[in-house]
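A short worksheet on the structure shown next.
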Amino acid sequence: MIFVGVVVKGLGKAAGFTELAFYKRQFVKKLGFEPFPGTLNLRVEPKVKRKIKKRKAIQISGRSSKGGAKCFAIELNGLRCFAIIPTKSTHGKNVVEILSRYNLRKKLRLRNGCPARLIIPT
């Protein structure tokens, strides 16, 4: 399934989350890499986020039963990444956060307003 989204500015909170040793260890163990601090935010149609959430998730445990996140394997402009959907999120139904080992803005030469191709594996 191929979709197009638009890169949007984030809130700057994901970097703190991805840098915490408690979560970083899980990313390395469960996803196979140490993530770049932060995520890339992609504005998509709400149906895209629903389709992602229907895929098999990799659970990232939180410090409490109400925390954590689910990660879903995706491809962004040809690069293997993960959509990460935190249990507690301030993003609406139309923003997907993308986690990668790379600074995706630099690696893929993306800026706010740029289109990006998102592939959800079947």
> Suppose every K and R has +1 on its Cβ and every D and E has -1 on its Cβ; what is the size of the dipole of the chain about the Cα centre, in Debye to the nearest 20?
Replying inline: 220 debye
>> Starting from 0.36 nm per residue, how many nanometres of slack lie between Lys30 and Met1 once their C-alpha separation is accounted for?
In response: 8.0 nm
> If you rank Cys114, Cys71 by fewest surrounding Cβ atoms within 10 Å, what's the result?
Replying inline: Cys114, Cys71
> How much of the calculated P(r) for the stretch 58-115 lies past 14 Å, in percent of all Cα pairs?
Replying inline: 61 percent
> Which order do Thr39, Thr90 fall in if you start with the one that has the fewest other Cβ atoms within 10 Å?
Replying inline: Thr90, Thr39
> Among Tyr23, Tyr102, which comes first, second and so on when ranked by fewest other beta-carbon atoms within 10 Å?
Replying inline: Tyr102, Tyr23
> What full-extension length gain, to one decimal in nm, is calculated for Arg109 and Arg80 as 0.36 nm per residue of separation minus the Cα-Cα distance?
Replying inline: 8.9 nm
>> Under 5 Å between amide hydrogens, which residues at least 5 positions from Cys114 or on another chain qualify, with H placed 1.01 Å from N in the peptide plane?
In response: Val7
> Against the longest alpha carbon principal axis of the chain, how many degrees, from 0 to 90 and to the nearest 10, is the axis of helix 21-31 turned?
Replying inline: 60 degrees
> Could you give P(r) for the chain, binned at 5 Å from zero, as whole percent values over all Cα-Cα pairs?
Replying inline: 2, 11, 24, 26, 22, 11, 3, 0
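Only the coordinates and a few stated rules stand behind these numbers; no lab work does. Just so it is clear, the model here is predicted, and its values are computed rather than measured. Backbone-built Cβ (ideal geometry, glycine too); neighbour counts: all protein chains shown.
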